[in-house]
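Notes to accompany the following structure.
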Amino acid sequence: MADESESKLEPPAPGSLASARRPAGSGPTQTPPPGDRPLHQRLGSGLAHHARQFGTLGGLVVLGLVLWILTPHFLTVSNLLNIAQQTSINAIIAVGLTFVIISAGIDLSVGSLVAFSGVVMASLLQRDVPLPLALAAGLLTGLVCGLINGVLITLGRLPPFIATLGMMSVARGGALLYTDGRPISGFGEGFRWLATGEVLFVPVPVILTGVVYVIAHFVLRRTPFGRYVFAIGGNEEAALLSGVRVRLHKTMVYGVCGLLSALAGVVLTARLNSAQPIAGINYELDAIAATVIGGTSLMGGQGSVVGTLIGALIMGVLRNGLNLLGVSSFVQQLVIGAVIILAVLLDTAFKRRKP
């Protein structure tokens, strides 16, 4: 179900290292680029991709209509803006995880990086460090931790699950040690505007999330880096033989994920007016759920940030609707878990039906 961004790179030229390593008389190790595939294959691939996204969007619309019937307070402007604002943090984290999962990886440290980056930035704000420098330090913290994940995976050859699980513990312990387990609170209005401000009645976190998604969509679909991410997730060995610097780009993918986790930590800190060393617990689960519900394959090589945004909105709408209906938080966990399982089952069934 790959569109033009998900296709493999062109086969190496004769005489190159990749061609030399293929057995004599064997064909190319990769599928042809989209322009060389038959027209019916290209049309079928594109239609399947868009049908999957429209199906997810249709699920969001149906869910919204059901909740509107069950509670009249759901479909109001104030509540819809509230859903968008509450979804923004999970949506930003999910963008980074979309890059990681498309590359056939996983990152369990994002929730801890939200907390660690938040307390680093907050401590600098309390010491009267200028806001731009404090923000840069918080974002840099997430970026560095993400790059360390990438180095452990590419150079240290650790499985992504183990490397990011270790970083999850290290970052959480670092946040607790840095603050002695105490929250940091009390910030100026300039910083809090990042969460409480509005531009033309639209909350700033919603605008920030929109900017992140536009940039991420462009990078993933229109740049060589985005094509390499798909190529690595689809067939890492083929990408390597095609000349892709796999280690570098995989490390960059985890750096992007760490950076966006830090950005989510900035928004969360501004929203709460407090940096909590225990913030972000289980955020990785919600972000992975949004990514998978949005159609990104856990096997790698397939996905989109548009689908991830729809998945994050489904999660936000579901939580908001259950809260309005007075459903217990314990039941909410059961419902959300069932939705995740259903999304993975649908993804598996879809893959089995592919020719």
Do we have any residue at all in the range 268-291 that's of a type in the set (Val, Ile, Thr), without any contact (Cβ under 8 Å) to a residue 24 or more places away in the chain and touching a Gly at 6+ places or on another chain (Cβ under 9 Å)?
-> no
Which residues, counting only those in the range 198-219, are crowded, with 18+ Cβ neighbours inside 10 Å and small (Gly, Ala, Ser)?
-> Ala216
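Free of Cβ contacts under 8 Å to residues at least 40 places away in the same chain, more than 30 Å from Asn273 (Cβ to Cβ) and out of contact with any Lys or Arg (no Cβ under 7 Å at 6 or more places or on another chain): which single residue out of Leu200, Leu240, Leu220 fits that description?
Leu240
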Given (1) assigned to a loop (DSSP other than H, G, I, E, B); (2) in contact with a helix residue (DSSP H, G or I) (Cβ under 8 Å, 6 or more places away or on another chain); (3) surrounded by fewer than 17 Cβ atoms within 10 Å (Cβ to Cβ), where does Gly303 come up short, assuming only one miss?
-> (3)
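For Leu143, indicate whether it is part of a helix (DSSP H, G or I), in contact with a Leu (Cβ under 6 Å, 6 or more places away or on another chain) and in contact (Cβ under 8 Å) with a residue 60 or more places away in the chain.
yes
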Boolean, Tyr254 is within 28 Å of Val61 (Cβ to Cβ) and of a type in the set (Phe, Trp, Tyr) | no
Is there a residue in the range 100-112 that is farther than 30 Å from Thr179 by Cα, outside any helix (DSSP H, G or I), among the aliphatic types (A, V, I, L, M) and in contact with a Phe, Trp or Tyr (Cβ under 8 Å, 6 or more places away or on another chain)?
-> no
Cross-chain or 6+ apart pairs with Cβ under 9 Å, the range 328-339 first and more than 14 Å from Gly311 (Cα to Cα), then outside any helix (DSSP H, G or I) and of a type in the set (A, V, I, L, M, F, W, C) | Val335/Val327
Out of curiosity, is Val100 of a type in the set (A, V, I, L, M, F, W, C) and over 19 Å from Leu143 (Cβ atoms)?
-> no
Among residues of the range 117-143, those that are over 19 Å from Leu268 (Cβ atoms) and of a type in the set (A, V, I, L, M, F, W, C), counted = 2
With respect to the numbered conditions (1) assigned to a helix (DSSP H, G or I); (2) at pLDDT below 95; (3) more than 25 Å from Gly294 (Cα to Cα), which one is the sole condition not fulfilled by Leu135?
-> (2)
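The values are calculated or read from the model by the stated rules, or taken from the named source; none is laboratory data. Predicted model only: the values in this text are computed from it and were never measured. Note that we place each Cβ from the backbone using ideal geometry, even for glycine, and neighbour counts take in every protein chain shown.
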